[in-house]
Structure formats: structure tokens, C-alpha cells
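Trainee: Below you'll find the structure I mean.
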Amino acid sequence: MVEVPPFEMPFAARLSPHADRVRLHTRTWARDMGMFDGMPWTEARYDAADYGGFGPLTHPTLPLADLKHVNDWHTWGFHVSDVFRDRFLRPRDVAGGKAFVAELRSVLAGTAAPVGPAGRGLADLLSRSTVDDEDRHHLGEHLDALLWELHNTAQGRVPDPVDLVEMRRRSIGAELSAKLLRGSVGAELPPELLRNSTMRALVDSFGDVAALRQEIVGFDHVHATGASTTSAVLAVRQFFDCGLEQAVSIVADLISARLRQIVSIIGELPAVAAEHDLDAEARAGLHRYAEALKSWLAGELLWTRRSGRFSSSPTPVRRPFHRPAGLGTAAVLVSSPR
């Protein structure tokens, strides 16, 4: 078993005042989509993982309606990941994995009606979302990353660390999460700014922190049980020919380095804004975006520590519909730019 390190977090976590109502909404939505069919989710496993509590910690300032919608998207992503792991990765079912991804691609393209819960969830989300070509591209990358992991696992191949980090950003949906954050705080930023190397590094580091951290926390449940060979810990252990404990330490150091880079980049944003001659409104949006990234990272860490998702025999989260001890209630700020 790996010893999970005490991950550092320079930002403060906050909990949405709408947490209880969002949890109830998301649970109902997941049930309506048919996600509690027992593979991999039952209602008990869903409650133990506290998927309904993810959005209230990662988007603490959103109004209720927006938070419900964002949390449905995150819950869909968790469902797809868990289904793919248990139905296709563990049994090395390449044909089944391809068929699953093909259904989701058809739903995304609007060329076929959904069949399973994941497809129904995606169709419902698309019907009430503004999805552009960029979003569809990133969703397609997410599905590509799932198949990439399946092919590696079926072949018993541990990927190169550099390839793994790049694909993990896609499988965790880093680009989509960052775009959701920008939209959630009304940060209308010029495309040329978002293509800036500094801004690209910010999103990459943001995705790396969450993806690599969950790989350590979930190692015993997923990778140590043979469910997948696609692991940063396994990749580092193979690349450096070191022991498991040292590999975990190296990955944890990488997470810390990415966090430091995020802090550094956020400090550079005023200069980036000046370089791109942003007006006052865009500068305010950039500031809100940076603050939202901080809240997301701190909230995701707290959720990961409390969630039963990473246990083979999870138990319900203690006080699942109450505010975690030590958290204040966030004010709803998104409706009035600051």
C-alpha cells in the first residue's frame, strides 16, 4: 500500500451555501439518467463517494442554478471514468471500450440516440448547454484518452512519464474544467490571451495537480489491483528504476512544483494583462478566473480527502449533507463583477 503524502495547499477551500440542495439535485439527476445500475455505481457507492459534493467545493461562489448544472457535468465525467475503469479497463475489454466510446461520440455528434446511462447523461447535458466546436474537440480528446489508457493496459504497457502527463490532462478534462471556471465567473478573455504561453502553462499545471494527486490517492484501489497500467507512479518507478515509495515521493514533488508554478503564474498575471493591453473589464475577469482556479484546487483536494471514491469498500461520507468542519460559507459573488 502507498502512503498518501500530506499534500500542500496554499489556497483556502470554501463551501457553497447551496451544497445540500445541489447534492439532492445531482443525486436525483444521476438516478434519472440510470446511473445507479450497480456497475459501477449503486446509490450507496454514489453517496459514499459524495459526487454531489464536488461542485459545491470546487465552484463555491456559483448561484444555485448554475452550480446544479456544473455539478451535473462533473458527475457525468466521474460516471464515465468509473464505468470505463470497471467495465473495460479491469477486464481488458477493448472491443467493449471502443463501443462505449463510439456511442458517446455519436451522441456528441447528434447522429444517434443514447443507449446507456452515460449516453443519456451526455445527451441531457448537451440539450441544456451551449457547446461550441472547441468544447466538442476537448470532449473528443477526453474520449481518446480513455481508449489510450485501455490500449496501454490491454498490452500490459506502462507509458512514458511525459506521454502519461500529457494524456492525463485530457482524461481529466483540464481544458473543459478551466473553461467551465471562466464561464462560471463571467471571465470573457481574448482568445489570443488564452493562447499565450503563460496562460497555457497555467491550465496545464492546473490539470496536472488534480490528475497526479488522484493517481496517488487512488493507486491502491486502481493501479495496485491491476485495473490499469497507466499510472504516474508506475511510470516514474519504471523510468527511474526505483521503489514504489520513492516513485510516490517523486510524483508528490511534481505536484508541489506545479502548485508553485501556479502561484508564480498568478503573480505574473498583471504583467500579462498589461502586455495584452486588457481593458478594466477583462482585467477584472482575469482576476476572477485566477481566484476561481485557487478555489477549485483547494476544494478538489478537500473533496478527494473526504471522498470514498478511492476505496474498494467505501463507507458513506460522515455528515454527507452538512458543511465540512472548518469551512466557512462562501458569498455568492459571481453575479456582481469585482
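The values are calculated or read from the model by the stated rules, or taken from the named source; none is laboratory data. These figures come from a predicted structure and were not determined experimentally. Note that we place each Cβ from the backbone using ideal geometry, even for glycine, and neighbour counts take in every protein chain shown. Side chains are part of the model used for accessible areas, which takes the heavy atoms of the whole protein and leaves out ligands, DNA and RNA. Shrake-Rupley method; radii C 1.70, N 1.55, O 1.52, S 1.80 Å.
Trainee: How far apart, in nm, are the 7 Å Cα→Cβ label points at Ala274 and Arg87?
Mentor: 5.4 nm
Trainee: Please work out how much accessible surface Glu268 shows to a 1.4 Å probe, ignoring ligands, DNA and RNA, in Å² rounded to 10.
Mentor: 80 Å²
Trainee: What three numbers, in Å, describe the spread of the alpha carbons of the stretch 79-124 along their principal axes, ordered from the longest?
Mentor: Result for the stretch 79-124: principal-axis Cα extents of 29, 18, 12 Å.
Trainee: While we're looking at this one, here's another question. Suppose all protein chains stay in the model; what accessible area per residue would a 1.4 Å probe give for the chain, in Å²?
Mentor: 43 Å²
Trainee: Calculate for the chain the 222 nm mean residue ellipticity that helices alone would give, adding -39,500 (n - 2.57) per DSSP H run of length 4 or more and normalising by residue count, nearest 500 deg cm²/dmol.
Mentor: Helices in the chain give a 222 nm mean residue ellipticity of -20500 deg cm²/dmol.
Trainee: If you don't mind, there's one more thing I want to ask. Multiply the residue gap between Leu244 and Ala44 by 0.36 nm, knock off their C-alpha separation, and tell me the result in nm, one decimal place.
Mentor: This chain segment gains 68.8 nm when fully extended.
Trainee: I would also like to ask the following. Relative to the present Cα-Cα distance, how much length would full extension add between Ala12 and Asp32 at 0.36 nm per residue of separation?
Mentor: Difference between extended and current length: 3.8 nm.
Trainee: To continue, here is another question. Calculate the all-directions average of the projected area of the stretch 223-307's alpha-carbon convex hull, and give it in nm².
Mentor: Answer in nm², one decimal: 7.9.
Trainee: FRET efficiency for Arg283 and Asp163, Cβ-Cβ distance as r, R0 = 45 Å, nearest 0.05?
Mentor: With a Förster radius of 45 Å, E is 0.75.
Trainee: Taking the Cα centre of the stretch 35-159 as origin and charging only Cβ (+1 Lys, Arg; -1 Asp, Glu), how large is the dipole, in debye to the nearest 20?
Mentor: In debye, rounded to 20, the stretch 35-159 gives about 420.
Trainee: Can you pull the accessible area of Asp208 for me, 1.4 Å probe, Å² to the nearest 10?
Mentor: In the full protein context, Asp208 sits at about 0 Å².
Trainee: Take the alpha-carbon centre of the stretch 128-153, take the same for the stretch 205-228, and report the distance between them in whole Å.
Mentor: Cα centroid to Cα centroid, the span is 19 Å.
Trainee: In addition: FRET efficiency for Ala224 and Ala95, Cβ-Cβ distance as r, R0 = 22 Å, nearest 0.05?
Mentor: 0.25
Trainee: A follow-up question, please. Order 272-279, 198-205 from most to least packed using the mean count of other Cβ atoms within 10 Å.
Mentor: Ranking, from highest mean packing down: 198-205, 272-279.
Trainee: Specify which residue in the list Gly34, Val80, Val107 is farthest towards the positive end of the charge dipole of the stretch 1-110, using unit charges on the beta carbon of Lys, Arg (+1) and Asp, Glu (-1), about the Cα centre.
Mentor: Among Gly34, Val80, Val107, the one farthest towards the positive end of the dipole of the stretch 1-110 is Val107.
Trainee: Can you give me the relative contact order of the stretch 181-285 as a percent, contacts being Cα pairs under 8 Å and 6 or more apart?
Mentor: Contact order relative to length: 37 percent.
Trainee: For Lys294, give me every one of the lysines with a C-alpha distance below 30 angstrom, ignoring sequence neighbours fewer than eight places off in its own chain.
Mentor: Lys68, Lys179
Trainee: Relative to the Cα centre, what is the charge dipole magnitude of the chain, using +1 at the beta carbon of each Lys and Arg, -1 at the beta carbon of each Asp and Glu, and rounding to the nearest 20 debye?
Mentor: 980 debye
Trainee: With the crude spin-label approximation of a point 7 Å out along Cα→Cβ, what separation in nm comes out for Arg136 versus Thr111?
Mentor: Result for the modelled spin labels: 1.1 nm.
Trainee: Follow-up. What does the charge count around Ile250 come to, taking other residues whose C-beta lies under 15 Å from its C-beta (Lys +1, Arg +1, Asp -1, Glu -1)?
Mentor: After counting each charged neighbour, the total is -4.
Trainee: For the chain, calculate the relative contact order in percent as a whole number, restricting contacts to Cα pairs under 8 Å that are 6 or more residues apart.
Mentor: It rounds to 32 percent for the chain.
Trainee: Sticking with this structure for a sec: Show me, for the stretch 15-25, the HN-Hα J-couplings you get by feeding each phi into the Karplus relation (A = 6.51, B = -1.76, C = 1.60, θ = phi - 60°), rounded to Hz, glycine and proline as x.
Mentor: 10, 4, x, 9, 4, 4, 5, 5, 4, 4, 4
Trainee: Here's another thing I want to ask about it. Could you list which residues have their amide H under 5 Å from that of Leu15, counting only those 5 or more apart in sequence or on another chain, with H placed in the peptide plane?
Mentor: Correct list: Gly328, Ala330.
Trainee: For the stretch 131-196, calculate the relative contact order in percent as a whole number, restricting contacts to Cα pairs under 8 Å that are 6 or more residues apart.
Mentor: RCO, the stretch 131-196: 40 percent.
Trainee: Calculate the translational D of the stretch 17-167 in whole µm² s⁻¹ from Stokes-Einstein, where the hydrodynamic radius comes from the Kirkwood formula applied to all Cα pairs, the temperature is 20 °C and the viscosity 1.002 mPa s.
Mentor: Reported coefficient: 131 µm²/s.
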